[in-house]
Amino acid sequence: MELEGHVALVAGGSAGIGAHVARLLVREGAQVIISGRDTERGKGAAAKIAGESGDVRFIAADLGDLHSIQNLADQSGEVDILVNNAAGAPTGLTADQDVASFQNMFDTNVRATYFLTELLAPAMLAKGRGSIVNVAAMGASMGVAGASGYSATRAALMSLTRTWAAEFGPQGVRVNSVTPAPVRSGSAGVEWGEALVGDLHGREPTAGAQEIAEAILFLASPRARYVTGSTLAVDSGAAAT
Ligand SMILES: NC(=O)c1ccc[n+]([C@@H]2O[C@H](COP(=O)([O-])OP(=O)(O)OC[C@H]3O[C@@H](n4cnc5c(N)ncnc54)[C@H](OP(=O)(O)O)[C@@H]3O)[C@@H](O)[C@H]2O)c1
């Protein structure tokens, strides 16, 4: 178990990809904190992920709200691994976009990641170790109709990944991101998978959340000790075409 003695926070760990990441971190012996807005779902997820012997705690937080972000950081304490995974989904075509949902998307998907990292990184820097993984999306570097704001928020995370790798690297803190394909069980699902990944060369159009989680675990763990500032595409090769 290579993460014994490590504390990990998975923002948005109460469902989807984040819940799978939390499960893998527990399997490797980490103490895991998951967050989300829905307390009932979050507590249920924490109990399920913990199983018989895992150490999993749920903290309720609305990442669209700065006070809630501060509270999440305060309650989490010092962490060794931060997975910035929570995000709102695409909201539609640019011509139909309203200001309120655009704002909420950027608050949740970019501002929250920025300030949660600002609050938690200093303890990692002081300790001289830590790993931050930002969960972006394929759309960050592809034109996807109906995903303008969402894709821009995912691209922002890739930029932050590079800057933070430069800022935090000298003090032993690594920062990486993943760009997953649409997940089978997610809201985007098969329709987006077929549009984005296609079926060229027998590629599967959608990923399993577990497959994305494995890549995040790798970047979070000491196995990736020589990897920082990078973006790992988890998309069955779509980025290569
Ligand atoms: N699913 C896909 O096809 C796909 C593809 C590429 C990239 N991604 C990326 O992967 C990440 C996870 O996506 P997912 O589909 O696995 O998500 P999901 O199943 O919808 O789960 C999202 C998680 O984030 C939490 N969350 C959402 N909005 C929040 C907010 N405002 N404040 C606090 N917590 C919030 C949710 O809990 P509550 O609802 O209780 O708040 C939940 O725990 C995202 O960054 C997404 O951009 C997903």
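The values are calculated or read from the model by the stated rules, or taken from the named source; none is laboratory data. Here the structure is a predicted model, which means the values were calculated and not measured. Glycine gets a Cβ as well: all are built from the backbone with ideal geometry, and neighbour counts include every protein chain shown. Surface accessibility is based on the protein's heavy atoms, side chains included, excluding ligands, DNA and RNA. Shrake-Rupley method; radii C 1.70, N 1.55, O 1.52, S 1.80 Å.
For this structure, a couple of remarks:
- Some residue of the range 158-177 being modelled with pLDDT of 95 or more and among the acidic types (Asp, Glu): yes
- Test: GLY64 is touching a residue at least 40 places away in the same chain (Cβ under 8 Å), part of a loop (DSSP other than H, G, I, E, B) and within 12 Å of the ligand (Cβ to nearest atom): yes
- Members of the range 67-98 that are touching a Gly at 6+ places or on another chain (Cβ under 9 Å), among the small types (Gly, Ala, Ser) and more than 13 Å from the ligand (Cβ to nearest atom): GLY92
- Total residues in the range 29-52, condition at negative phi and over 18 Å from the mean Cα position of the chain (by Cα): 9
- Residue within the range 16-38 that is surrounded by fewer than 20 Cβ atoms within 10 Å (Cβ to Cβ) and either without any contact (Cβ under 8 Å) to a residue 24 or more places away in the chain or among the aliphatic types (A, V, I, L, M) (or both) present: no
- Checking GLY51 against (1) loosely packed, with under 15 Cβ neighbours inside 10 Å; (2) modelled with pLDDT of 95 or more; (3) of a type in the set (Gly, Ala, Ser), the condition it does not meet: (2)
- Qualifying residue in the range 76-96 (condition: in a helix (DSSP H, G or I) and in contact (Cβ under 8 Å) with a residue 60 or more places away in the chain): yes
- Any hit, the range 19-36, residues being among the β-branched types (Val, Ile, Thr) and outside any strand (DSSP E or B): yes
- Restricting the first member to the range 145-157 and to residues that are open to solvent by 10 Å² or more (accessible area, probe 1.4 Å), and the second to residues that are within 12 Å of the ligand (Cβ to nearest atom) and not aliphatic (A, V, I, L, M), the beta-carbon pairs closer than 6 Å and six or more apart or on different chains are GLY146/PRO90; TYR150/PRO90; SER151/GLY139.
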